[in-house]
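Chemist: Quick one: the structure is below, questions incoming.
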Amino acid sequence: MPSDCITYQNSGYFTKLMMDYLDEKSELKTFYNHFPTIENFKTQIEEKNFNFNDNNNFKREILASELEKQYLNFEVSKTTLNNIKLLNNTNTFTITTGHQLNLFTGPLYFLYKIVSTINLCKQLKKEFPENNFVPIYWMATEDHDFEEINYFNYKEKVFRWNRESFGPVGRLSTEGLDKVFDLFSKEIGTSNNAKFLKNLFENAYLKHSNLADATRFLANELFQNEGLVIIDGDSIELKKLFIPFVKKELLEQTSFKKVTEINELLKDYFIQVNPREINLFYIKDNLRERIIFEDGIYKVNNTTIQFSESEILSELENHPEKFSPNVILRPLYQEVILPNLCYIGGGGELAYWLELKSNFEENNVTFPMLLLRNSVVLTTQKQTEKADKLELFWSDLFSKQRDLVDVKTKEFSQFTIDFSEQKEHLKKQFEKLYTIANQTDKSFIGAVKSQEIKQIKGLENLEKRLLKAEKRIHSEKLDRIVSLQNELFPNQSLQERKANFSEFYLEFGNTLIEELLTELNPLSQEFKIITL
């Protein structure tokens with residue numbers, strides 16, 4: 001293939017907001033701190049160093065201590081353990097990505113997020129050797145959107161975990177996943193790579209009691225040698241650090257005011273999330289409901305639980321673990337407890353982060369750099385050879401399928417399937433007729449116009465019929481193109497949003513992870529094509 005990447009802007013899969021952000025359009029610069037370049041990280045380090053270290057040294061001790069507790073019953077690499085210890089040091093910073101607790105990692109981009117985070121830490125260490133950089137995976141353990149995470153795709157089959165869930169998904173029992181395991185095991189065969197996948201699933205989900213621990217085990221196994229540190233924010237000790245910010249949210253509704261103002265400025269773009277008056281949930285094992293303020297009383301939606309102002313502040317002091325930030329406040333919570341420099345996420349995530357900077361400023365918390373995660377299309381050698389034989393560019397395969405077929409038909413045809421020249425010639429002929437019409441009875445102008453429209457339409461129909469006829473002649477080659485695109489873009493959407501890593505691991509084993517770690521450059525703005 002002529003190229004192994006395509007820019008995000010030319011891929012056709014990113015919103016105008018993301019393209020304008022990547023292009024560093026001036027109208028967006030007030031919505032972020034520093035654009036993610038190696039040079040700008042120096043300034044970000046200085047800002048975070050002042051804001052985090054000089055005022056909050058005790059946070060590092062609590063963070064490291066809590067992470068050690070969270071890893072107590074896990075077999076952890078020396079690199080990860082060392083990274084946790086390094087968080088005690090004022091010259092250590094984090095690069096963070098976050099993700100839901102999708103069953104068996106969910107779509108492929110789970111891997112791309114984490115690899116982007118790991119690789120950026122490596123790049124920064126080379127550039128700033130006097131500092132340490134720790135890759136963080138923030139597990140979205142307090143989410144409750146179970147229907148978004150309770151399945152994964154393997155080839156054309158969906159493996160779904162059917163059960164009810166009402167509270168934070170991280171606390172959810174793994175009961176019932178033995179049935180998913182049995183079905184998946186039968187599907188993938190008995191090769192060595194299949195045995196690895198079976199052991200991975202079994203050890204993660206059948207030997208851990210809740211979804212948070214299962215996900216930690218899974219991510220730790222896949223990236224055990226890379227020093228990845230996995231954090232669960234559903235923690236009493238970490239929530240204690242966030243108490244002042246929760247109190248401010250309850251009493252002043254700051255985030256609602258600030259984000260609403262920003263959204264008004266961003267109204268020409270699609271607004272990713274809208275704030276609530278109070279952006280907090282009240283949670284227990286089987287409960288996650290919004291806190292609302294009505295008639296001077298704090299109420300937990302869809303329950304009979306309610307508090308006066310003094311009562312809810314007392315509840316916050318005594319049980320901070322029951323207060324859970326929503327999508328608007330979770331980023332603030334993350335940046336309060338981590339010495340973080342940069343958040344790595346997908347386009348949708350960065351879109352809502354761009355709404356938040358003024359709320360961070362109001363709370364005197366340094367806003368992190370925002371980096372669009374790596375995007376990848378995985379292809380096999382056989383698929384790449386097919387594309388070569390069909391004379392395809394990668395940009396062709398990113399096209400809409402109808403456009404791709406039309407363009408390739410015109411390329412394959414011995415005729416020029418474009419009647420623009422004939423239409424232009426026809427229009428010139430009618431210009432002469434209009435000159436005559438204007439010198440005679442006015443009713444003749446209408447007849448000329450009607451005939452012009454009819455003949456132009458006739459040429460357009462002939463063009464369509466010729467294109468259709470040529471499609472039939474070249475149908476075999478076109479069918480192969482469509483088939484290849486469908487393999488790489490299932491359901492005409494991005495592979496990374498549909499396929500699960502197991503489909504590729506079964507065939508290529510750990511080469512999959514190794515290739516990602518080798519090939520992905522987190523600071524490039526390119527959709528990477530990786531041939532396995």
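Chemist: From the residues ILE136, SER77, ALA387, which one has its Cα farthest along the dipole of the chain in the positive direction, the dipole being from +1 and -1 charges on Cβ of Lys/Arg and Asp/Glu about the Cα centre?
Modeler: Of ILE136, SER77, ALA387, it is ALA387.
Chemist: For segment 275-309 and segment 143-216, what is the separation of their C-alpha centers, rounded to whole Å?
Modeler: Cα centres, segment 275-309 to segment 143-216: 32 Å.
Chemist: Where does the charge balance sit around THR254 when Lys and Arg score +1, Asp and Glu -1, over other residues with C-beta under 9 Å from its C-beta?
Modeler: 0
Chemist: Considering only lysines 8 or more places apart in sequence, or on different chains, count the pairs in segment 146-208 whose C-alpha atoms sit under 19 Å apart.
Modeler: 14
Chemist: Now for a separate question. Tell me, what is the 1.4 Å probe accessible area of SER475, in Å² to the nearest 10?
Modeler: Approximately 50 Å² for this residue.
Chemist: Still on this structure, I have one more. What is the percent carbon and sulfur in the accessible area of segment 345-452, measuring with a 1.4 Å probe over the protein chains and ignoring ligands?
Modeler: For segment 345-452, the apolar C and S fraction of the accessible surface comes to 49 percent.
Chemist: Related question: Determine the per residue accessible area of segment 202-312 with all protein chains present and a 1.4 angstrom probe, expressed in square angstrom.
Modeler: With all protein chains present, segment 202-312 gives 47 Å² per residue.
Chemist: Per residue, how many Å² of accessible area does segment 372-412 show with a 1.4 Å probe?
Modeler: 48
Chemist: Compute the orientation-averaged projected area for segment 44-96 from the convex hull of its Cα atoms and round it to one decimal in nm².
Modeler: About 3.8 nm², averaged over all directions.
Chemist: With +1 on each Lys and Arg Cβ and -1 on each Asp and Glu Cβ, and nothing else charged, work out how big the dipole of segment 257-312 is about its Cα centre, in Debye to the nearest 20.
Modeler: Roughly 200 debye, rounded to the nearest 20.
Chemist: Probe radius 1.4 Å, ligands and nucleic acids left out: which of SER324, SER443, SER308 has the largest accessible area, and how do the rest follow?
Modeler: SER443, SER308, SER324
Chemist: Here is a further query. Label 7 Å along Cα→Cβ of LYS78; segment 195-233 residues with amide nitrogen under 19 Å?
Modeler: Correct set: 221, 223-229.
Chemist: Further, regarding this structure: Please report, in cubic angstrom per residue, the volume enclosed by the convex hull of the alpha-carbon atoms of segment 432-532.
Modeler: Working: hull volume 20.7 nm³, N = 101.
Convex hull volume per residue, Cα atoms: 205 Å³.
Chemist: Can you tell me which lysines have their Cα less than 23 Å from the Cα of LYS248? Leave out same-chain residues fewer than eight positions away.
Modeler: Leaving aside lysines fewer than 8 places away in the same chain, those within reach of LYS248 are LYS48, LYS59, LYS239, LYS240, LYS257, LYS258, LYS284, LYS299, LYS322, LYS357.
Chemist: Against the longest alpha carbon principal axis of the chain, how many degrees, from 0 to 90 and to the nearest 10, is the axis of helix 192-201 turned?
Modeler: Roughly 50 degrees between the two axes.
Chemist: Tabulate in residue order the Karplus-calculated ³J(HN,Hα) for segment 39-49, using 6.51 cos²θ - 1.76 cosθ + 1.60 with θ = phi - 60°, rounded to whole Hz; enter x for Gly and Pro.
Modeler: Rounded to whole hertz, the list is 4, 6, 5, 4, 5, 4, 4, 4, 5, 5, 4.
Chemist: Add -39500 (n - 2.57) for each DSSP H run of 4 or more in the chain, then divide by its residues: what number comes out at 222 nm, to the nearest 500 deg cm²/dmol? Walk me through the numbers on the way to the answer.
Modeler: Details: 25 runs with 266 residues, N = 532.
One gets -15000 deg cm²/dmol as the mean residue ellipticity at 222 nm.
Chemist: May I pose another question? For labels at SER450 and LYS29 in the simple 7 Å Cα→Cβ model, what's the distance in nm?
Modeler: With each label point 7 Å from Cα toward Cβ, the separation is 6.0 nm.
Chemist: Next question, about the same structure. Rolling a 1.4 Å sphere over the protein heavy atoms, what is the accessible area per residue of segment 26-185, to the nearest Å²?
Modeler: Values: 7090 Å² over 160 residues.
Result: 44 Å² per residue.
Chemist: Same structure, new question: How large is the charge dipole for the chain, taken about the Cα centre, if only the Cβ atoms of Lys, Arg (+1) and Asp, Glu (-1) carry charge, to the nearest 20 debye? Before the final figure, lay out each step's value.
Modeler: Working: 66 positive and 79 negative charges, 325 e Å.
For this selection, approximately 1560 debye.
Chemist: Setting aside same-chain residues fewer than 8 positions from LYS42, which aspartates and glutamates have a Cα under 14 Å from its Cα?
Modeler: GLU127, GLU130
Chemist: Calculate the dipole size of segment 360-464 relative to its Cα centre from +1 charges on Lys and Arg beta carbons and -1 charges on Asp and Glu beta carbons; express the result in debye to the nearest 20.
Modeler: My answer is approximately 480 debye.
Chemist: Given a Förster distance of 25 angstrom, what is the FRET efficiency for GLN429 paired with VAL482, based on the Cβ-Cβ distance and rounded to 0.05? Working shown, then result.
Modeler: Working: r = 40 Å, r/R0 = 1.59.
So the FRET efficiency works out to roughly 0.05.
Chemist: Karplus couplings for segment 317-334 from phi (6.51 cos²θ - 1.76 cosθ + 1.60, θ = phi - 60°), rounded to Hz, Gly and Pro as x?
Modeler: Those phi angles translate into 5, 7, 9, x, 5, 8, 10, 10, x, 8, 4, 6, 9, 4, x, 5, 4, 4 Hz.
Chemist: Of VAL336, GLN492, VAL448, which is farthest on the positive side of the dipole of the chain, counting Cα position, with +1 on Lys and Arg Cβ, -1 on Asp and Glu Cβ, and the Cα centre as origin?
Modeler: VAL448
Chemist: Let me ask something additional. How much of the accessible area of segment 111-152, probe 1.4 Å, is carbon plus sulfur, in whole percent? Don't skip to the end; give the middle numbers.
Modeler: Numbers: 640 of 1380 Å².
The value for segment 111-152 is 46 percent carbon and sulfur by accessible area.
Chemist: I've got another one for you. Just to be sure I understand, if you calculate mean projected area of the Cα convex hull in nm² for this structure, which of [x] 32.4; [y] 26.5; [z] 24.1 do you get?
Modeler: [x]
The values are calculated or read from the model by the stated rules, or taken from the named source; none is laboratory data. Everything numeric in this text was worked out from a predicted model, so none of it was measured. As a convention, Cβ positions derive from the backbone with ideal geometry for all residues, glycine included, and neighbour counts pool all protein chains shown. In case anyone asks, the SASA skips ligands and DNA or RNA and just uses the protein heavy atoms, side chains included. Shrake-Rupley method; radii C 1.70, N 1.55, O 1.52, S 1.80 Å.
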